[in-house]
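Bear in mind these aren't lab numbers, they're just calculated from the coordinates by the rules spelled out. As the structure is a prediction and not an experimental result, all values here were calculated from the model. Quick reminder, even Gly has a Cβ in these numbers, built from the backbone with ideal geometry, and neighbours come from all protein chains shown.
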Amino acid sequence: MAQLLLVEDDLAIRTSLIRALGERGHAVTSTATAMAGLQAAVEPGVELVLLDLGLPDLDGLTLLTMLRAVTRVPVIVTTARDDEQEIVRLLEAGADDYVVKPFTAEQLNARIRAVLRRSADTDGGAGPLEIGGLRVDPRSREASLDGASLQLARKEFDLLLFLAARAGEVVSKQTLLAEVWHQPYGGSDKTVDVHLSWLRRKLGETASTSRYLVSVRGVGVKLAVPDP
């Protein structure tokens, strides 16, 4: 079904996952160290990386940051660290999803399939989106405003793309948290507020002088063409 790279230093876990994912149709290559994983991740054909955090040469979060500097391949983090702050750090560093140990092969396979579907939706046949002077291209992951390029972090772009695809529609912060950060409903929306603030700054606006990002009190936010 997909070409996976497993970065996991525990031989028993690595062997078990390779067998289980192979039985579910995936082709799996593996490495036991972060630096070998970084090198393997940029090889042609890798469709998704499964990344363990407890690696012997580098912390997995450091490797995740390095991966995001060189490749857009989706990353699912496997972690034993089940606290909200840690999960938020991973997602903001560029993880596409996470699964907490212990997990079953079926759970992991479901996460893999979901991330690959989202990746296909984002990188598929959709052309650039244009809302007034704002242009968002999902293929190149580039955005511009009135012809000037916007320098957006990964999650800033993901947030802008999600809103641009629903231009004119009010989206709740809980929906953004679930769909952009892949966190369950009921989580804290502070992360959304912070990223909206950063995005507004790069669009040259604030919450009180909004042009494109319009807050609807008690409901959510929408991306809309500015009033003349």
In degrees, nearest ten, helix 105-123 long axis to first principal axis of the chain (Cα): 40 degrees
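If you take the beta carbon distance between S208 and R113 as r and set R0 to 41 Å, what does 1/(1 + (r/R0)^6) give as a FRET efficiency, to the nearest 0.05?
My answer for the efficiency is 0.45.
Explain nothing, just the number: relative contact order of the range 83-185, from Cα pairs under 8 Å at least 6 residues apart, as a whole percent.
On the way: 80 pairs, mean separation 19.9, N = 103.
Result for the range 83-185 is 19 percent.
Which whole-number percent gives the relative contact order of the range 129-223, counting Cα pairs below 8 Å spaced six or more residues apart?
26 percent
Report the rotationally averaged projected area of the range 129-223 based on its alpha-carbon convex hull, in square nanometres.
5.7 nm²
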Starting from the eigenvalues of the Cα gyration tensor, five times each then square-rooted, give me the equivalent ellipsoid semi-axes of the range 1-86, largest first, whole Å. 19, 16, 12
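Applying a 10 Å radius around every beta-carbon, put 141-151, 45-55, 2-12 in order of their mean neighbour count, most first.
Details: 141-151: 13.5, 45-55: 20.1, 2-12: 18.1.
Ranking, from highest mean packing down: 45-55, 2-12, 141-151.
Calculate the dipole size of the chain relative to its Cα centre from +1 charges on Lys and Arg beta carbons and -1 charges on Asp and Glu beta carbons; express the result in debye to the nearest 20. Could you put the intermediate results ahead of the total?
Working: 26 positive and 31 negative charges, 102 e Å.
Magnitude of the dipole: close to 500 debye.
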Amide H within-cut-off set for V75, under 5 Å, with H built and near neighbours excluded: V49, D96, D97
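Could you give the C-alpha radius of gyration of the range 60-169 expressed as a fraction of 2.2 N^0.38 Å, taking N as the number of residues it contains? Numbers along the way, then the final one.
On the way: Rg = 15.7 Å, N = 110, 2.2 N^0.38 = 13.1 Å.
Here the Cα radius of gyration is 1.20 times the empirical estimate.
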In angstroms, what radius of gyration and Dmax does the chain have, counting Cα atoms only? 18.7, 63
I'd like to compare 83-92, 102-111: which one has the highest average count of other Cβ atoms within 10 Å, and what's the full order after that? 83-92, 102-111
Distant-in-sequence amide H partners of L6 (H built 1.01 Å from N, under 5 Å): T29, S30, T31, L50
Which residue, chosen from H195, A164, W181, occupies the Cα position most advanced towards the positive end of the dipole of the range 129-223, where the dipole is computed from +1 (Lys, Arg) and -1 (Asp, Glu) charges on Cβ about the Cα centre? H195
Taking Cα atoms only, helix 11-23 is inclined relative to the longest principal axis of the chain by an angle, in degrees rounded to 10, of 70 degrees
